[in-house]
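Structure first, then comments.
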Amino acid sequence: MRTIGLAVTLLLGATLAGGLAAQAVQPRLDQRVSPEVQRAVQVIAADAMAHGLPVEPLVQKAIEGAAKGVPNDRVIAAVRALAGRLGESMAAVREAGVAAPGGDVVEGGADALNAGFSGGQVSDLVRVSRPPHDPALTLRVAATLAALGVPTKQALQLVQGTISANRSPSDLLGLPGQVQAGVAQGATPAQAAAGLARAAGGTPPGRLPDWVPPGQQKPKNPHKP
Amino acid sequence: MTTGYHPLVKRLLDGELSLAELPPELRAEGEEALRLAGAADRAPVALSPALEERVMATVRRHAASPGNRAWRWLNTPRDVELRLRVRPWTVWAGALAAAAALALLLGRPAPEPVPGAQARGDMRDSVLVRFVLYAPGAHRVAVAGTFNQWDRAAAPLVPAGTSGVWTTTLALPAGQHQYAFVVDGARWVVDPGAPAVNDGFGRRNSIVAVTAPGAHL
């Protein structure tokens, strides 16, 4: 009797969550994706919603796949993979001490994971985001730096250094553009990021003042014979 | 009928005065009024024999309509005996599940007061962003991304002369957006001047980071 009651309760909860997810997702997908993708995304979204994950990125990914003419099975696989990253991101953000993170932070974490950051690095990026910096923005900037070719460890240090130097959120958001400008002038992404880290307030946290990224020469000290 | 009677005669008809109380000059009028009133009261009311039949037919028709039957079925009180045998914890569990569902219905969990509320406020500001693609020989070029639901027709680029350069300017909210160019309605092309990430489908999406004072591509 007790087992049946528990099963009924769980079934009720899952059914309600599934119904709500379908309500939230279906109008967005109608006439944008195939019925097969629509059904699959509803199931994935229901599961995501039951775990407190944002559903909107899943809808966007399905719409993107359909717009690009991607076959149904690959769209569904991509949506499922994104749901997995959102779950991993949620765990990493919670690990950083945010008990009930907003959907944009979780989505930002998923972007960072997609760009090559580890769960631990995502936690570090959230931890370092203190006012007025938004963790979602921090995560997305870091993801963009990685997409530009800046090694994830160095991108993390650059972001940390920028925030530690009390730079504004706009300065943080401008980092990728500055790295690109450096690359346009002939530097590698790592070199451009290192130059920015020095300009942002010196060395990344945990490094000596004369630290330079691996593979680069230390600048000559003009006061030293 | 009583329009022309004297007010005292009207009071007589209402029973407020007796005939003896009327002035002598009004007694004849009073007597006539009483006679007419008495004759009218005693006249039998003659109804058409078909009237009752018509009324009853209408009542029967009205009562027999499906709507009325349904209403009577719904409205008739009935005795129902319902006996439930439950364990208290199952009731609590069901209530919790319903509460959780309600919470989901009302929206996502409220974000914690995390840092950056000001920054997020700034992120809502729209900024004009110029998209440029060199696509010689293209007949149509558009830009689609997270900012327009990946709609291939929402943001067409226009050719800048005959140089093969296509361009458009869009107002985007500050923040980061993923996008790609669509050449001739079918070919998805990343922006060669922007960072790109895996789109999950084996292709790449370009990223634009928009700051309040300007855009960085």
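The values are calculated or read from the model by the stated rules, or taken from the named source; none is laboratory data. Keep in mind the model is a prediction, meaning the values are calculated, not measured. As a convention, Cβ positions derive from the backbone with ideal geometry for all residues, glycine included, and neighbour counts pool all protein chains shown.
Within region A:171-195, the set of residues being in a helix (DSSP H, G or I) and among the small types (Gly, Ala, Ser) comprises A:Gly177, A:Ala181, A:Gly182, A:Ala184, A:Ala190, A:Ala192, A:Ala193, A:Ala194, A:Gly195.
Might you let me know whether region B:195-205 holds any residue that is at pLDDT 85 or above and in contact with a Gly (Cβ under 7 Å, 6 or more places away or on another chain)? For region B:195-205, residues at pLDDT 85 or above and in contact with a Gly (Cβ under 7 Å, 6 or more places away or on another chain): present.
Identification of strands (runs of 3 or more DSSP E) wholly contained in region B:126-200 with 3 or more residues that are buried (at least 16 other Cβ atoms within 10 Å of the Cβ) and touching a residue at least 24 places away in the same chain (Cβ under 8 Å) yields B:126-134, B:141-145, B:165-173, B:175-183.
This table checks each residue for (1) under 27 Å from A:Asp134 (Cα atoms); (2) of a type outside the set (Gly, Ala, Ser); (3) within 13 Å of another protein chain (Cβ to nearest Cβ).
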position: B:Ala160; (1), (2), (3): no, no, no
position: B:Ser163; (1), (2), (3): no, no, no
position: B:Thr168; (1), (2), (3): no, yes, no
position: B:Gln176; (1), (2), (3): yes, yes, yes
position: B:Ala180; (1), (2), (3): yes, no, yes
position: B:Trp188; (1), (2), (3): no, yes, yes
position: B:Pro192; (1), (2), (3): no, yes, yes
position: B:Val197; (1), (2), (3): yes, yes, yes
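Residue count for region A:116-137 satisfying the condition of being in a helix (DSSP H, G or I) and more than 8 Å from every other protein chain (Cβ to nearest Cβ): 10.
Results for (1) assigned to a loop (DSSP other than H, G, I, E, B); (2) crowded, with 21+ Cβ neighbours inside 10 Å; (3) without any contact (Cβ under 8 Å) to a residue 24 or more places away in the chain; (4) out of contact with any helix residue (DSSP H, G or I) (no Cβ under 9 Å at 6 or more places or on another chain), shown as yes or no for each residue.
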site	(1), (2), (3), (4)
A:Asp47	no, no, no, no
A:Glu64	no, yes, yes, no
A:Met90	no, yes, no, no
A:Glu107	no, yes, no, no
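State all residues of region A:129-153 that are surrounded by fewer than 21 Cβ atoms within 10 Å (Cβ to Cβ) and either more than 20 Å from A:Met90 (Cβ to Cβ) or in contact with a Pro (Cβ under 9 Å, 6 or more places away or on another chain) (or both); if no residue qualifies, say none. Within region A:129-153, A:Arg130, A:Pro131, A:Pro132, A:Gly149, A:Pro151, A:Lys153 qualify.
Among the residues of region A:66-84, those identified as in a helix (DSSP H, G or I), surrounded by 17 or more Cβ atoms within 10 Å (Cβ to Cβ) and facing another protein chain (nearest Cβ under 9 Å) are A:Ala66, A:Ala67, A:Val75, A:Ala78, A:Val79, A:Leu82. Apart from one condition, A:Gln23 fits all of (1) at pLDDT 90 or above; (2) out of contact with any helix residue (DSSP H, G or I) (no Cβ under 7 Å at 6 or more places or on another chain); (3) assigned to a helix (DSSP H, G or I); the exception is (1). Checking each residue in region A:94-105 for being closer than 17 Å to A:Val55 by Cα and touching a helix residue (DSSP H, G or I) at 6+ places or on another chain (Cβ under 8 Å) picks out A:Pro101, A:Gly102, A:Gly103, A:Asp104, A:Val105. None of A:Leu145, A:Leu82, A:Leu156, A:Leu86 is in the same structural domain as A:Pro54 (by TED's automatic domain parsing) and more than 10 Å from the chain's Cα centre (by Cα) except A:Leu82. Candidates in region A:92-104 are the residues that are part of a helix (DSSP H, G or I) and more than 7 Å from every other protein chain (Cβ to nearest Cβ); of these, the one that is modelled with the lowest pLDDT is A:Asp104.
Of all residues being assigned to a helix (DSSP H, G or I) and modelled with pLDDT of 85 or more in region A:159-170, which is nearest to the other protein chains (Cβ to nearest Cβ)? Just the residue, please. The residue in question is A:Pro169.
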